[in-house]
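First the structure, in the form of C-alpha cells, and then the observations on it.
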Amino acid sequence: MDEVGFRKFMKKQRRSQGTMDSCVNFTQVFEEYLNAHFDQTDLNEAQPEQLDAFLAWGRGKFSSMNSHIWAISRYYEYTGNDIMRRYANQIRSQKIENRRSKRPSLLLKEIEGIKSEHIGALERIGISNITQLINAGKTHNSRLALSGETGIPFDVIEELVRLADLCRISDIKGMRVRLLFDTGFDTIEQIAAQDPIEMRAQIILINQREKIAARHPTLTETKFWVEQAKKLPKLVEY
C-alpha cells in the first residue's frame with residue numbers, strides 16, 4: 001500500500017488525523033488478508049470476489065465491516081481503480097440501505113437549524129421525526145393545514161418538509177442537509193437530476209462563503225447522493 005500517497009490524498013480532502021489513521025489501518029487489514037490467503041496478491045491486483053471473501057472472513061472477527069469497506073473504497077478512489085472503488089461503494093450502499101430500513105426515523109432535532117419552538121409545536125401534535133413530518137405535509141394543502149394547527153408560518157413548514165424529505169438520502173442529516181438546502185438543492189428530484197461534479201462545485205462555493213460544514217463533500221459522496229436520490233420514490237408534492 002502506498003501509505004504516504006494515500007495520506008496526502010486524504011489530507012487534501014480535509015480528513016482528520018484520526019480518519020486518516022483509521023483508513024490506513026483498515027486498508028492494511030485487507031492487504032494482509034490478501035497476502036495471507038491469495039498468494040501475496042497486491043491491493044491493486046485484487047478482484048471483487050476477493051473483497052467478498054475478505055468480508056465473509058471478517059464477519060467472524062470484527063463486530064462490523066462497514067469501516068473496512070469505507071476505507072477500502074477511499075483507497076481505490078486514490079489509486080484510480082474504478083472497478084474496485086465502485087464495487088466497494090455498491091456493497092456499502094446496500095449495507096446502509098439495509099441498516100437504514102431497520103433504524104428509527106431521524107428525529108427533527110437532529111436536523112441543523114430547526115428552531116426549538118418549532119420542534120416543540122410539532123411534537124405537541126405528535127410529530128417528532130422526519131417520517132411523521134413527511135406524512136403530515138405531503139401536499140400543499142396538508143402543509144397549509146399543518147401551519148394552521150401548529151401556528152408555525154407556512155414558509156417555515158415548507159422548509160421543514162423539504163429538509164425532512166432530503167434526509168431520506170443515506171448519509172444526509174445534520175449539517176449536510178442544511179448545506180444541500182442552502183446551496184439550493186432542496187428536493188429529491190432536483191438532486192437526482194444533478195451532475196455530481198457540478199453539484200459538488202456549487203456546494204463548495206457556498207460552504208466556502210457560509211462556513212456551514214467543517215469540510216466539503218468529496219466527489220464520491222455527491223455521486224452517492226445523486227445515485228440514492230434517483231432510487232427514492234416521490235413522496236412530497238411541491
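Worth a mention:
- Here Gly18 fulfils each of the conditions (1) of a type outside the set (D, E, K, R); (2) under 20 Å from Thr220 (Cβ atoms); (3) surrounded by 12 or more Cβ atoms within 10 Å (Cβ to Cβ) apart from (3).
- Criterion violated by Ser170 - all others in (1) within 27 Å of the chain's Cα centre (by Cα); (2) not in a loop (DSSP other than H, G, I, E, B) satisfied: (2)
- Residues that are under 32 Å from the mean Cα position of the chain (by Cα) and of a type in the set (Asp, Glu) within the stretch 26-42 comprise Glu31, Glu32, Asp42, listed in sequence order.
- Search result, residues across the stretch 221-238 that are crowded, with 16+ Cβ neighbours inside 10 Å and either in a helix (DSSP H, G or I) or in contact with a Cys (Cβ under 8 Å, 6 or more places away or on another chain) (or both): Glu221, Thr222, Lys223, Phe224, Trp225, Val226, Glu227, Gln228, Ala229
- Residue in the stretch 197-217 that is assigned to a helix (DSSP H, G or I), outside the structural domain of Ser16 (by TED's automatic domain parsing) and touching a Lys or Arg at 6+ places or on another chain (Cβ under 7 Å) present: no
- Unique residue being without any contact (Cβ under 8 Å) to a residue 60 or more places away in the chain and not assigned by TED's automatic domain parsing to the domain that holds Ala88 when the list is Ile169, Ile188: Ile188
The values are calculated or read from the model by the stated rules, or taken from the named source; none is laboratory data. From a predicted model like this one, the values you see are computed outputs, not experimental measurements. When we count neighbours, we look across all protein chains shown, and the Cβ atoms used for this are built from the backbone with ideal geometry, even at glycine.
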